[in-house]
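One structure is given below, encoded as structure tokens.
The values are calculated or read from the model by the stated rules, or taken from the named source; none is laboratory data. These figures come from a predicted structure and were not determined experimentally. All Cβ positions, even for glycine, are placed from backbone atoms using ideal geometry, and neighbour counts span all protein chains on display.
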Amino acid sequence: MIEAAIIFAAACYGIALLLDLWRIALGPNAADRILALDTMVINVIALLVLYGVWRGSAIYFEAAMLVAMVGFVSTVAYCRFLLRGDIIE
């Protein structure tokens, strides 16, 4: 029963990733694209956690933490670039 739930959740997050790609391609402005990239990072984290539960391995949770840290830093850097024109002052 848990495998069916994991497969269903992974399919839902896969569809969400496709919708994020659609928003990145057709976003009306840069802020929408940044938000779509941040949402894509969250969906990838969820997929990594689901895969870790399915495989029964803790290494995927650590990978999810690394993706979360890199995603946060990249979102902040991209927002700073749009607001100020540079990342490091």
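Which members of region 40-59 meet the condition of being without any contact (Cβ under 8 Å) to a residue 24 or more places away in the chain and closer than 28 Å to Gly27 by Cβ? Steps first, answer last, please.
Restricting attention to region 40-59, the residues satisfying the condition of being without any contact (Cβ under 8 Å) to a residue 24 or more places away in the chain are 40, 48-49, 52, 55-59.
Hits for region 40-59 are Met40, Leu48, Val49.
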Q: Could you please give the count of residues in region 51-89 that are over 21 Å from Ala36 (Cβ atoms), touching a Gly at 6+ places or on another chain (Cβ under 9 Å), assigned to a helix (DSSP H, G or I) and among the hydrophobic types (A, V, I, L, M, F, W, C)?
A: 3
Q: Mind telling me which of the residues Leu19, Leu37 ends up being in a helix (DSSP H, G or I) and either more than 27 Å from Arg84 (Cβ to Cβ) or of a type in the set (Lys, Arg) (or both)?
A: Leu19
Q: Quick one: in region 35-80, of everything that is more than 16 Å from Arg23 (Cβ to Cβ) and among the charged types (D, E, K, R), which residue is modelled with the lowest pLDDT?
A: Arg80
Q) Taking region 53-87 as the region of interest, how many residues are under 21 Å from Ile7 (Cα atoms) and in contact with a helix residue (DSSP H, G or I) (Cβ under 8 Å, 6 or more places away or on another chain)? A) 8
(Q) So, in region 48-57, exactly how many residues are crowded, with 18+ Cβ neighbours inside 10 Å and either polar (S, T, N, Q) or over 16 Å from Met69 (Cα atoms) (or both)? (A) 1
